[in-house]
Each structure stands twice: as C-alpha cells, then as structure tokens.
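Q: Below is one structure. I have some questions about it.
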Amino acid sequence: MLADEAREIDLIACQQCDALYNEPGLATGQKAECGRCGATLFEHKVNSIERTFALSIAGLTLLTPAIILPIMGITLAGQYHEASLLDSIRQLIAKGYFLIATLVFMFAIAVPAVRLMGAFYISYCFKFNKINPFLLNFFRAYHQLDSWSMLNVFLLGIIVSMYKLLDDTKLSVDYGLLAFVLLLICSTMVSVTLDQHHIWQKLEKECVDANG
Amino acid sequence: MQTAKQMGLGVCPECYKVNTMSARRQRCRRCSNVFYQRKPNSLQYTLAWTIAALICFVPANLYPIMIVYSLGVPEASTILSGIGTFIDYGLYPLAVVIFTASIIVPILKIIGLIFLVSKVKAGIRLTAEKHTKFYHVLEFLGPWSMLDVFVVALMVAVVELGFVSTIEVGPAINYFTLTVIFTMIAAISFDPRLLWDDNNNTDNNV
C-alpha cells in the first residue's frame, strides 16, 4: 500500500487520452498541456481563492434581481405586459408543462445558483483557513454540475425572443436583463478563476494525509 | 508515450488523482469516489442514449412547438415551419441561429456519436487527436440546442395579452428537450480515452 502511494504521488494523467506524466512544477499563471492530445492537464491560476471569493459574492447578490426583475416587456394594442425569468417558469407550470418548467428551473436558476454558493463556500473555507474533511465530498459534488449550467444559452434565448417580438410589437428592456447579463459574467468568471488542481492538492494534504 | 492504463494506474474522474488500480472498482485515495479505469460499458451506454435521442427527435419535429393565438385565431408552428416563417419575413440571421441550434446540432451530435462509437469498435484509430477534438466540439455544442426551448418559455411568459395575443406551448417541446438531454448524457457516457487505447501498441512497435 505504501509503495503504491509513493508511486502515484507525483504522477499526473491526461483526462482525455490517458497519457502519463510526472507532475511539472508550474509558476503562477502557467498552464500544463498534454503533449499527445493537447488537452489542458492543469493550471496554476493567479489569486484563485480571492478572485473566486469576490466573484461568487457578486454573483450571489445578482441572483435574486436576475430572477425576479422583469427581463422585457411588450406593448401591443395599448396593452402592456412584462415577464421575468420566474414568470416564464410560472407560465409553464400553469400550462401544465411540468417537465420543461423543471428543466428550465434547473438549468437557468438552480444549477448556476448552487454552483455560485458552492464556489463561495469553498473559497470562504480556503480564505479563512476553515478546511475540513467535509469539503472533499462537497467539492466532488460541485464538480459534477459543470456541464449543466446554461445561463449563456438562456441569454441567447432572450436575444432571439427579443428579435422575434420586435417585429410586430413595441418592445422594452428592463433591469432584469442587466442583472442577468452581469450574473452570467460572474458565473463564467468563477469557473475560470477556480483552481481545481490547487484545491484538490490542498484538501489532500490537510484532510487525507492527516488521517492516514 | 506511456499511459496510466499500461502502468496499472487509473485516473479518478472527479478529482483527477492518479490511483494504483488494486481492483476493477477502485476507491479514490483522495476524494473517495469509486471509479473504473475506463467508464464501464461506455460504448453501449453512448449508443443507447443516442438512439433514444434519435427516437425523440422525430416527434420533436412533427408536432407543433408553439401555438400563437392572435385575436382568437390559433396558428401552430413546428420547429421547421417556424424557421420557414423567419425566412419569409427576411429574418435570415435568426433563421440561421435557430436552424443551427435546433436541427444541425442535434443531428450532428447523433451522427457524430455513432461515428465515434463505430471508430472505437472498428479499431481504426489513426487520427485519435482529430477524433478527440471532434468529441470536444460535440460536447461543447450540446447545451446550445436548448435555445429553442428557452425561447418558447420566454415568449409564452411575455406574450400574455388576453384576447389580443397569447402563446401556447406545443407538445413538441417535451420531445425536443428530451432529445437535447439524451444527447448530452450520451456525450458524457463516451470515454474519449478509448479512442487512444490501441494506438499505444503501434507506438511501442515503432
């Protein structure tokens, strides 16, 4: 067992093609790429914890306005009606499309929200030295949400619907859209700044080695 | 070039730690996730989800996705007839965006995944690098197909003007969403390392 652990400690393998390397030491801001398939092995990111902490707070603040504030409104034949992200989900439920309502809620609200909260909690624990073994499971779960956040697709959806509605109605844009765009920026930046390699290494040092 | 598999090692898919494989199912020494050296039955799962996506894609295109009521008169439109309407009105950029997201991307994903599975099965892996890049493109494009679903969801909520104009959702939206979800799960089920596995033998011989 001990020999196994000694053998694997400095090794790193490419996720995409399984090529095996000795872990290179990287200076801040550098990135290691696989020599065979070109995938990124890992990065040493600049000020990862501080940046993630700041961006996740900003993102969490923007979450409520982005969901509740109306995104756009239309005027037709003297009538005015506006809708927010939450309204569109409420309408889908009212019309009986529960599957779609659930999925829109998951991809456009729940997953981005949970990811921001997760990034906030992890960067908070790292920033204030409150690292505990629970974080191992927590960060593992966090990692699984990556492919299911669809804020960017939803923004394109907003743009397309505006283009469509512009044709025969008077369209007005509301603060909800501004909040949504800023939320998208924060959420994207968080996944850019969060240094997974660093977090895993530190968690291993503090939680796994301490027990074993 | 040596691979982790040749050395009896496996990478944890969650935390990327290299572990010595002491059994077929290995518990990661870092994050205690249970994993395999390669995703088990990866090709079968990928193919199964892809076929499910293909089946759902048929009703997704046959049923209407949106029904517009203006002054009480209903007008149903499918995904394709909606794109046709945009072309009639001269909204070409919109037609291109919707056509790409709703038709080209799902079809490309379905054909592409079947192609990748057949490549691994057939054992012809001379250009593993290109195939890996192709797989990444498929993985990246997946979520963008949800575009039409989000557009319909928004339009239904915004256009709510009583008798003047309202929009109803059509049954195609369920099937279309399932197509998108199934292709995404199919792409996740695929293990790109399978594209490289046999190459190593030829490398060693040279």
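Q: Out of curiosity, is A:Y175 under 23 Å from the mean Cα position of the chain (by Cα), over 30 Å from A:K202 (Cα atoms) and modelled with pLDDT under 90?
A: yes
Q: Now, a different point. Which of the following residues is among the aromatic types (F, W, Y), modelled with pLDDT of 90 or more and assigned to a helix (DSSP H, G or I): B:F86, B:F134, B:F99, B:F140?
A: Just a single option satisfies the conditions, and that option is B:F99.
Q: Same structure, new question: Inside the range A:136-153, can you point out the residues that are touching a Phe, Trp or Tyr at 6+ places or on another chain (Cβ under 7 Å) and facing chain B (nearest Cβ under 7 Å)?
A: A:M150, A:V153 - these are the residues of the range A:136-153 that are touching a Phe, Trp or Tyr at 6+ places or on another chain (Cβ under 7 Å) and facing chain B (nearest Cβ under 7 Å).
Q: Something else: Which of (1) over 20 Å from the mean Cα position of the chain (by Cα); (2) closer than 27 Å to B:Y175 by Cβ; (3) of a type outside the set (S, T, Y) is the odd one out, the single condition A:V111 does not satisfy?
A: (1)
Q: A follow-up question, please. Please go through the range B:57-76 and give me each residue that is of a type in the set (F, W, Y) and touching a strand residue (DSSP E or B) at 6+ places or on another chain (Cβ under 6 Å), ordered by number.
A: B:Y69
Q: Taking B:L161, is it among the hydrophobic types (A, V, I, L, M, F, W, C), farther than 17 Å from B:P64 by Cβ and either buried (at least 23 other Cβ atoms within 10 Å of the Cβ) or more than 10 Å from chain A (Cβ to nearest Cβ) (or both)?
A: no
Q: Any residue at all in the range B:108-125 that is modelled with pLDDT of 90 or more, more than 7 Å from chain A (Cβ to nearest Cβ) and touching a Gly at 6+ places or on another chain (Cβ under 8 Å)?
A: Yes - at least one qualifying residue is present in the range B:108-125.
Q: Could you please tell me which pairs satisfy a Cβ distance under 7 Å, a separation of 6+ or placement on different chains, a first residue in the range A:167-190 that is touching a residue at least 12 places away in the same chain (Cβ under 8 Å), and a second residue that is of a type in the set (V, I, T) and surrounded by fewer than 16 Cβ atoms within 10 Å (Cβ to Cβ)?
A: Between residues of the range A:167-190 that are touching a residue at least 12 places away in the same chain (Cβ under 8 Å) and residues that are of a type in the set (V, I, T) and surrounded by fewer than 16 Cβ atoms within 10 Å (Cβ to Cβ), the close pairs are A:T169/A:T75; A:K170/A:T75.
Q: Would you say A:L62 is away from every other protein chain (no Cβ under 14 Å), surrounded by 19 or more Cβ atoms within 10 Å (Cβ to Cβ) and at pLDDT 85 or above?
A: yes
Q: Does B:P64 satisfy the criteria of being more than 14 Å from chain A (Cβ to nearest Cβ) and in a loop (DSSP other than H, G, I, E, B)?
A: no
Per-residue answers, yes or no, for (1) in contact with a strand residue (DSSP E or B) (Cβ under 8 Å, 6 or more places away or on another chain); (2) basic (K, R); (3) surrounded by 15 or more Cβ atoms within 10 Å (Cβ to Cβ); (4) within 30 Å of B:G162 (Cβ to Cβ):
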site: B:R24; (1), (2), (3), (4): no, yes, no, no
site: B:R29; (1), (2), (3), (4): yes, yes, yes, no
site: B:F35; (1), (2), (3), (4): yes, no, yes, no
site: B:R38; (1), (2), (3), (4): no, yes, no, no
site: B:A53; (1), (2), (3), (4): no, no, yes, no
site: B:T78; (1), (2), (3), (4): no, no, yes, yes
site: B:P93; (1), (2), (3), (4): no, no, no, no
site: B:I98; (1), (2), (3), (4): no, no, yes, yes
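Q: Tell me, yes or no, whether the range A:143-150 has at least one residue that is assigned by TED's automatic domain parsing to the domain that holds A:A77, more than 30 Å from B:G142 (Cβ to Cβ), in a loop (DSSP other than H, G, I, E, B) and not aliphatic (A, V, I, L, M). So that I can check it myself, show each step before the final result.
A: Filtering the range A:143-150 for residues assigned by TED's automatic domain parsing to the domain that holds A:A77 gives A:143-150.
From the residues that got through so far, the ones that are more than 30 Å from B:G142 (Cβ to Cβ) too are none.
The answer is no, given that none of the residues of the range A:143-150 is assigned by TED's automatic domain parsing to the domain that holds A:A77, more than 30 Å from B:G142 (Cβ to Cβ), in a loop (DSSP other than H, G, I, E, B) and not aliphatic (A, V, I, L, M).
Q: Could you tell me which of the residues A:F154, A:F139 is farther than 25 Å from B:F99 by Cβ and modelled with pLDDT of 85 or more?
A: A:F139 is the lone residue from the list that is farther than 25 Å from B:F99 by Cβ and modelled with pLDDT of 85 or more.
Q: For the range A:154-198, give me each residue that is within 21 Å of A:F138 (Cα to Cα) and within 9 Å of chain B (Cβ to nearest Cβ).
A: Matches in the range A:154-198: A:Q196, A:H197.
Q: Another question, if that's okay. Quick one: in the range A:10-48, which of the residues that are in a strand (DSSP E or B) and hydroxyl-bearing (S, T, Y) is farthest from the other protein chains (Cβ to nearest Cβ)?
A: Among those that are in a strand (DSSP E or B) and hydroxyl-bearing (S, T, Y), it is A:T40.
Q: Could you tell me whether the range B:146-158 includes any residue that is touching a strand residue (DSSP E or B) at 6+ places or on another chain (Cβ under 7 Å), among the small types (G, A, S) and either part of a helix (DSSP H, G or I) or free of Cβ contacts under 8 Å to residues at least 12 places away in the same chain (or both)?
A: Yes, because at least one residue in the range B:146-158 is touching a strand residue (DSSP E or B) at 6+ places or on another chain (Cβ under 7 Å), among the small types (G, A, S) and either part of a helix (DSSP H, G or I) or free of Cβ contacts under 8 Å to residues at least 12 places away in the same chain (or both).
Q: With respect to A:S56, determine if the residue is surrounded by 13 or more Cβ atoms within 10 Å (Cβ to Cβ), under 30 Å from B:I188 (Cβ atoms) and at the interface with another protein chain (Cβ under 8 Å from one of its Cβ atoms).
A: no
Q: Within the range A:79-131, can you find the residues that are outside any helix (DSSP H, G or I), within 9 Å of another protein chain (Cβ to nearest Cβ) and touching a residue at least 24 places away in the same chain (Cβ under 8 Å)?
A: A:E82, A:S84
The values are calculated or read from the model by the stated rules, or taken from the named source; none is laboratory data. Here the structure is a predicted model, which means the values were calculated and not measured. Neighbour counts are summed over all protein chains in view; Cβ atoms, including those assigned to glycine, are modelled from backbone coordinates with ideal geometry.
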